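To start, the structure under review is shown below, and the notes come after it.
The values are calculated or read from the model by the stated rules, or taken from the named source; none is laboratory data. Remember, predicted model here, so these are calculated numbers, not experimental data. Because the Cβ atoms are built from the backbone with ideal geometry, glycine has one as well, and the counts that use them run over all protein chains shown.
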Amino acid sequence: MEKKKREYGKQVITLALCILFIAGLILGAAGIIPTVGKQPTEEMVPAAGYILAGQEEDKEKNSTNIQLYARSAVLMDADSGRVLFGKNENERMPMASTTKIMTCILALENGNMEDMVTVSSYAAGQPKVHLGMREGQQFRLKDLLYSLMLESHNDSAVAIAEHIGGSVEGFAKMMNRKAEEIGCSDTWFITPNGLDASAADDEGDERVHSTTAKELARIMRYCIEESEKKEEFLEITRTQSHFFSDAEGKSSYSCNNHNAFLSMMDGALSGKTGFTNNAGYCYVGALRRDGKTFVVALLACGWPNHKDYKWSDTRKLMQYGLENYEYRDVYEQPELSPLTVEGGVPDSGRPYDGAYAKISVKEQDQELQLLLKDGETVEKKIRLPHTLTAPVESGSEAGSIEYYLDGELIREYTIITDDDVEQMDFRWIAGYIWSLYAL
């Protein structure tokens, strides 16, 4: 009896050793042993009609020759934020009273329109153009915003800044923080009214109150497209006239909109003029027509007596956008092949067959409409590793598809796995061999 037990034990041990040996061979052949816990290097794998990242051809950007008076100018697609035309668009320059679009949107976002604003001596002492307020007077914040945007009153700007930010300096910090939030790295606010000024920044470097045409357009885009107070901003800036009194009802005031662009072109949406001796005439405005929204920003667009240069440039740029750009749906459903899963259990259940995971674009908005002109093309790039490493869970992020226009990323779509793939470990191999032996 004891002899039979010893013989049976030897058979079990021999079988176990055989299983381990065969498992080792299978695991080695499957590439598991050297790759367990090691993630493959991510590389670009091509799919039909797609260009690999880093392998795209250099293409010369279409140049458009538009003669403008402005030293710096931008035509921007307000939907995407893409610059459709630029002239010295990244040059820092003073922007005068176009500053007040930032003052207005910050007051709308951080204040109560029925708040009573008390006028300080500093606010009352601001130079023209001004409302003519007196120290100690009180006004509704809402009324001062109409004064700010329709008549461009400098004293109203300071009164608003002191009320919202506690001081002009505190409000300037809010302005710069908001500018940074919306992607403006070359903009520096010092005053809420746009009067020429210089001051040290946080690093101690002397800077002047300035922006770029591109970033001024970006700020306007935020005001009319992205801010939670965009409707209130548009209502104020499109109003032709506004009448109000101070809190005591002793003094009455009237404001008329000086943005001539509102009656110049169909679809004119909003805008703000500006002028100082250093900045020259400046303007930022928006237009919406036929489902397209454009923003124009102009800096240093003439000095006296050339007040109308800004209207000529604005019309020219808006007309260029309307006539040359149309929306096109550029999204294409990609053909994605399954990815090899190293160390994965094949669907067949046979260890020497390859394991694969199907992949697809994650369910999301798969429409991509871009404002394009004739001849413009979109580059599509796919980013995927050559292989995945088991285990793989369905719904895991595997890569991405990116759409580029003029070298800038416009939209990114996530590619996910559609299958669960189990890891082919020793336990699974042992079970597989045992099942063969049992048969």
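In the set Leu148, Leu144, only one residue is over 29 Å from the mean Cα position of the chain (by Cα) and either at pLDDT 95 or above or not assigned by TED's automatic domain parsing to the domain that holds Glu232 (or both); that residue is Leu144.
Condition test on Val117, is it surrounded by fewer than 20 Cβ atoms within 10 Å (Cβ to Cβ) and hydrophobic (A, V, I, L, M, F, W, C)? So Val117 does not fit the description; no.
Only one of Ala199, Ala179, Ala172 is at pLDDT below 95, farther than 23 Å from Asn257 by Cα and hydrophobic (A, V, I, L, M, F, W, C); which?
Among Ala199, Ala179, Ala172, only Ala199 is at pLDDT below 95, farther than 23 Å from Asn257 by Cα and hydrophobic (A, V, I, L, M, F, W, C).
Listed here are the residues, each with its yes/no results for (1) of a type outside the set (Asp, Glu); (2) at pLDDT 55 or above.
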| residue | (1), (2) |
| --- | --- |
| Glu42 | no, no |
| Gln55 | yes, no |
| Lys59 | yes, no |
| Leu68 | yes, yes |
| Leu84 | yes, yes |
| Thr99 | yes, yes |
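If the condition is being on the phi > 0 side of the Ramachandran plot and either part of a helix (DSSP H, G or I) or not charged (D, E, K, R) (or both), then the stretch 275-295 contributes Gly280, Gly291.
The set of residues in the stretch 401-423 being surrounded by fewer than 17 Cβ atoms within 10 Å (Cβ to Cβ) and under 14 Å from Leu339 (Cβ atoms) consists of Asp418, Asp420.
Given Leu384, Leu388, Leu339, Leu372, which one is more than 13 Å from Val421 (Cβ to Cβ), within 34 Å of the chain's Cα centre (by Cα), crowded, with 21+ Cβ neighbours inside 10 Å and modelled with pLDDT of 90 or more?
Leu384
Filtering the stretch 342-369 to residues that are at pLDDT 90 or above and basic (Lys, Arg) leaves only Lys358.
Would you call Asn305 modelled with pLDDT under 95 and either more than 28 Å from the chain's Cα centre (by Cα) or part of a loop (DSSP other than H, G, I, E, B) (or both)? Answer is yes for this residue. Just checking, does the stretch 99-112 include any residue being assigned by TED's automatic domain parsing to the domain that holds Ala172, in contact with a Leu (Cβ under 9 Å, 6 or more places away or on another chain) and charged (D, E, K, R)? Yes, because at least one residue in the stretch 99-112 is assigned by TED's automatic domain parsing to the domain that holds Ala172, in contact with a Leu (Cβ under 9 Å, 6 or more places away or on another chain) and charged (D, E, K, R). Residues that are closer than 30 Å to Gly267 by Cβ number at least 1 in the following strands (runs of 3 or more DSSP E) confined to the stretch 312-402: 326-329, 369-372. Considering the stretch 172-214, the residues that are in a helix (DSSP H, G or I) and of a type in the set (Gly, Ala, Ser) include one that is nearest to Leu75 (Cα to Cα), namely Ala213. With respect to (1) modelled with pLDDT under 90; (2) assigned by TED's automatic domain parsing to the domain that holds Arg289, the lone exception for Ala300 is condition (1).
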